[in-house]
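Here is the structure we will look at, set down as structure tokens.
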Amino acid sequence: MSESVKLKTSVTEMLDGFGVDYVIKPHKNEVFTCEDAARERGVPVSQILKCMVGTDGAGAIYVMLIPGDKTLKIKKVRQLAGSVKVILLPPGELSDKFGLTVGAIAPFQFLGKANFYLDETVLKNENIDISSGRPDAGLGLKTKDLIKLLKPTICDIVSTS
């Protein structure tokens with residue numbers, strides 16, 4: 001950790017445990033959208049990593065990671081997952097089942113529990129911003145560190161329009 005602000009969440013503890021460098025980016029206001037997170041952190045919205053969570057009929061979890069300025073194309077995820085019907089989890093289920101808040105989900109909260117899909121456009125950014133797991137702060141880290149830990153399938157899962 002290279003920031004004087006102290007913030008402990010399951011996400012920061014996990015990153016500390018893996019020895020990953022990150023920067024804590026506190027917000028003046030709680031945020032729940034990529035646009036608001038980008039404004040609070042002073043970064044382009046394309047640097048914010050949108051973390052979307054889905055499941056299939058068998059209960060497998062899929063985490064789709066796309067730039068904050070892009071739109072997920074769920075049909076592409078379904079094809080990559082072997083034509084299974086992947087559906088996005090509703091906010092209530094994310095809260096009730098996983099204790100998560102939509103808009104403050106970090107991909108590391110699903111490490112070892114999910115199939116990860118990272119849109120290839122994320123690779124345009126050397127650094128990315130993710131949620132800390134709380135709406136009052138984000139974390140900046142190197143894209144290569146995210147890839148190293150999550151081992152995602154790098155693919156095209158965003159809308160072209």
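Taken together, the values in this text are just the output of simple stated rules run on the coordinates, not laboratory data. What you see is a predicted model, and the numbers here were worked out from it, not measured in a lab. Quick reminder, even Gly has a Cβ in these numbers, built from the backbone with ideal geometry, and neighbours come from all protein chains shown.
Tabulated results
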{"quantity": "Charged-residue dipole, Cβ positions (Lys, Arg, Asp, Glu), the chain about Cα centre, Debye nearest 20", "calculated": "340 debye"}
{"quantity": "Modelled FRET efficiency - R0 30 Å, K97 with E126, Cβ distances, 0.05 increments", "calculated": "0.30"}
{"quantity": "Helix-only [θ]222 nm of the chain, DSSP H runs n ≥ 4, -39500 (n - 2.57) each, per residue, nearest 500", "calculated": "-6500 deg cm²/dmol"}
{"quantity": "Computed Kirkwood radius, in angstrom, where 1/r is averaged over Cα pairs of the chain", "calculated": "15.7 Å"}
{"quantity": "Length gained when the stretch F32-S83 is fully extended (0.36 nm per residue, less Cα-Cα span)", "calculated": "15.3 nm"}
{"quantity": "All lysines inside 23 Å of K97 as judged from Cα atoms, apart from same-chain residues fewer than 8 positions distant", "calculated": "K8, K50, K85, K113"}
